[in-house]
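Trainee: Would you mind keeping the following structure in view while I ask a few things?
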Amino acid sequence: MRAFVRAVWIVTRKDLLIETRTREIFFTTVFFALACVLVFAFGFVREGRPVEDAAAGILWIAIAFSGTLALGRAFERERHGETLRALLISPIDRPALYVGKLLGILVLLAAVEALVVPLIALMFQAALFDHTLLMLGLLAAGTLGFAAVGTLFAAMLVRARSRDVMLPVLLYPITVPVIIAGVRGTAALLQPEADEPMARAWLAMLVLFDVVFVTLALWTFEPVMTE
Amino acid sequence: MRLDFTTLRLIDVSRTFGRRRALNRVSLTVEAGTITALLGHNGAGKSTLLSIAATLLQPSSGRVEYGDRDAAAGAAALRARIGLLGHDLYLYSELTAAENLRFFAKIYSLDAVERRVDAALERAGLAGRRDDIVAGFSRGMRQRLALERALIHEPRLVLLDEPFTGLDEAAREALRVRLRAARAAGAIVVLTTHDTAAIERLTDAAVSLVDGRLAA
């Protein structure tokens, strides 16, 4: 177990080191997410009043779209110089490689969310900070579910010629339940009278999705990475 | 667990990609302490054979034995004893030379990481460029660094895909010296090339692949 955690940390640390040096994925993803929120703000805010429930949907659309961008770029890095092959031939457990890449993406998406959530709260007058723990839970569980599937697919598609097209085509149908649960859970918290039990029910659903998706990804990563 | 073996044996190995047969019933035995060249034109199946020997590809039929084991037995321990230098160099261009070597040394759970990194940079002639980003290196410098990356864990089986590509004569000679040292240390060295002049007086055996079959 110690070796597994150590390998995960080595892979994550390497990804974060490269990202702090280039900031390529962070800036691209943040720019895309912020642009997404601003465009929706022009469409859904009339005379200073946002359309009801729009904030929840826009938050999760921004996370899903910018997350897809981050996933594609994260593995593009492993494609240049074919470093993924060097990792696959190394003795580290392949699930550790998967978890290491997943953690790197989660840190990146958390940074994006730290900027997007306050912006949405401001633009859509959404009470995203009134139930901070529940909101954090929904964001963490939803992002994990989305990124768990996305990391697996991005790794599978790293050598596919049409990977940029294939990633969203494969990813969105499978992660739709995660996005719906995230949207409904967030919307429950944003009602005039926040529906905490409903938000908790959606959070529980997200945790269930996370368990299923992470387990399946860990189980399938080794065989799908062996050609 | 440290796995050791003194032979690499491919037995009736075939590999197909869709309808294309890249390797056709190839049988080959390579001993420790030797350098074997795989010759052949582009598309002859050399890289496919190396990928199979490196456990990155599974043969469609036939089997590969590392001593008395196959790839499935002790896969991680086996991979720890293999060093692969591909046509692509398996380096992170955003990291420095030292960071690349340090990363792979840690991935292989090696001890005395800094000492190994320093020694590898010295051998590659890059000690003065240790903290420079790899993206700024010439092809030859990257090739030398990639070779040290592939050998940093002192592998028993060294697989090199076109290692002489992009090297000037001085770097080629340095590579030959490095490979002779690996052979002297008991490694099984298999390299592919279509540049026969580069491997003169270096290899102990040479086999040719033609359309996925061993020609001689």
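Nothing in this text is a laboratory measurement; each read-out follows from the coordinates by a stated rule. From a predicted model like this one, the values you see are computed outputs, not experimental measurements. Using ideal geometry, Cβ is built from the backbone for each residue, glycine included, and neighbour counts are taken over all protein chains shown.
Trainee: Please compute P(r) over all alpha-carbon pairs of segment A:165-210, binned at 5 Å starting from zero, and give each bin as a whole-number percent.
Mentor: Each 5 Å bin holds this share of Cα pairs: 6, 24, 24, 17, 13, 8, 6, 2, 0.
Trainee: Would you calculate a helix-derived [θ] at 222 nm for chain B, using -39,500 (n - 2.57) for each DSSP H run of n ≥ 4 and dividing by the full residue count, to the nearest 500?
Mentor: Numbers: 6 runs with 64 residues, N = 216.
It lands at -9000 deg cm²/dmol.
Trainee: Peptide B:76-86: average number of partner chain Cβ atoms within 10 Å per residue? Write down the numbers at each step before the final one.
Mentor: Working: counts 6, 1, 1, 5, 4, 1, 3, 2, 5, 1, 5.
Other-chain Cβ atoms within 10 Å of each residue's Cβ, averaged: 3.
Trainee: Follow-up question, since we're still on this one. I'd like the FRET efficiency for B:ALA112 and A:ARG6, computed as 1/(1 + (r/R0)^6) with the beta carbon distance as r and R0 of 22 Å, rounded to 0.05. Mind showing how you got there, number by number?
Mentor: Values: r = 17 Å, r/R0 = 0.76.
Computed FRET efficiency for B:ALA112 and A:ARG6 comes out at 0.85.
Trainee: What is chain A's relative contact order, in percent, from Cα pairs under 8 angstrom and six or more apart in sequence?
Mentor: Numbers: 242 pairs, mean separation 58.7, N = 227.
Answer for chain A is 26 percent.
Trainee: Across peptide B:92-98, how many C-beta atoms of other chains are within 10 Å of each residue C-beta, on average?
Mentor: Numbers: counts 10, 5, 9, 5, 1, 0, 0.
Mean inter-chain Cβ contacts per residue within 10 Å come to 4.
Trainee: State, to one decimal in nm, how far the label point of A:VAL45 lies from the label point of B:ARG213, with both points 7 Å from Cα in the Cβ direction.
Mentor: Distance between the two pseudo-spin positions: 7.3 nm.
Trainee: How large is ³J(HN,Hα) for each residue in segment A:107-118, as worked out from phi by the Karplus curve 6.51 cos²θ - 1.76 cosθ + 1.60 (θ = phi - 60°), to whole Hz, x for Gly and Pro?
Mentor: 4, 5, 5, 4, 5, 5, 5, 4, 9, 6, 4, x
Trainee: A further question on this structure: Which of these, B:ILE133, B:ILE152, B:ILE199, has the largest mean-square fluctuation under a Gaussian network model of chain B (Cα springs below 10 Å)?
Mentor: B:ILE133
Trainee: Suppose each label sits 7 Å from its Cα in the direction of the beta carbon; what would the B:VAL177-A:LEU119 distance come out to in nanometres?
Mentor: Placing both labels 7 Å along Cα→Cβ, they lie 5.5 nm apart.
Trainee: Also: Expressed in nm to one decimal, what extension gain is obtained for the pair B:SER61 and B:ALA76 from 0.36 nm per residue of sequence separation less their Cα-Cα distance?
Mentor: Working: separation 15, 0.36 × 15 = 5.40 nm, distance 2.21 nm.
My answer for the length gained is 3.2 nm.
Trainee: Next question. How long are the semi-axes of the ellipsoid equivalent to segment A:1-102, from square roots of 5 times the Cα gyration tensor eigenvalues, in whole Å, largest first? Can you show the working numbers first?
Mentor: On the way: eigenvalues 270, 42, 21 Å².
Equivalent ellipsoid of segment A:1-102: 37, 14, 10 Å, largest first.
Trainee: Let me know the Kirkwood hydrodynamic radius for chain B, please, with Cα pairs as the basis and the value in Å to one decimal.
Mentor: Numbers: mean 1/r = 0.0569 Å⁻¹.
Across chain B, the inverse of the average 1/r is 17.6 Å.
Trainee: For segment A:62-157, report the translational diffusion coefficient in µm²/s to the nearest whole number, using Stokes-Einstein at 4 °C, 1.567 mPa s, and a Kirkwood Rh over Cα pairs.
Mentor: On the way: Rh = 14.6 Å.
Estimated via Stokes-Einstein, D reaches 89 µm²/s.
Trainee: Full-extension gain between A:GLU193 and A:LEU133, please, as 0.36 nm times their residue separation minus the C-alpha to C-alpha distance.
Mentor: Working: separation 60, 0.36 × 60 = 21.60 nm, distance 1.70 nm.
Between A:GLU193 and A:LEU133, full extension yields an extra 19.9 nm.
Trainee: Here's another thing I want to ask about it. From the alpha carbon gyration tensor of segment A:2-225, can you work out the equivalent ellipsoid semi-axes (sqrt of 5 times each eigenvalue) and give them in Å, largest to smallest? Please report the intermediate quantities before stating the final value.
Mentor: Values: eigenvalues 201, 70, 44 Å².
For segment A:2-225, the ellipsoid semi-axes come out as 32, 19, 15 Å.
Trainee: Sketch the reach of a paramagnetic label on B:ARG69 as a point 7 Å from Cα along Cα-to-Cβ, and name the residues of segment B:99-140 whose backbone nitrogen lies under 19 Å away.
Mentor: B:107-111
Trainee: Calculate how large, on average over all directions, the projected area of the Cα convex hull of the protein assembly as shown is; give the answer in nm² to one decimal. Could you put the intermediate results ahead of the total?
Mentor: Numbers: hull surface 91.0 nm².
Average projection, Cα convex hull of the protein assembly as shown: 22.8 nm².
Trainee: So how strong a dipole does segment A:2-225 carry about its Cα centre when Lys and Arg Cβ are +1 and Asp and Glu Cβ are -1, to the nearest 20 debye? Please list the in-between numbers first.
Mentor: Details: 19 positive and 18 negative charges, 194 e Å.
Charge dipole of segment A:2-225: 940 debye, to the nearest 20.
Trainee: Here is a further query. Give the range of the longest stretch in chain A that excludes all trypsin sites (Lys or Arg not before Pro) found in loop regions by DSSP and having at most 15 other beta-carbon atoms within 10 Å. The partial results should precede the final answer.
Mentor: Details: sites that count: A:ARG23, A:ARG159, A:ARG161.
It works out to A:24-158.
Trainee: Using the basic label-point model (7 angstrom from Cα toward the beta carbon), what is the A:VAL207 to B:ASP88 distance in nanometres?
Mentor: 4.0
Trainee: Shifting gears a bit: For segment B:104-216, place one equal point scatterer on every Cα, skip the solvent, and apply the Debye formula. What is log10 of I(q)/I(0) at q = 0.11, 0.19, 0.21 Å⁻¹?
Mentor: -0.39, -1.08, -1.26
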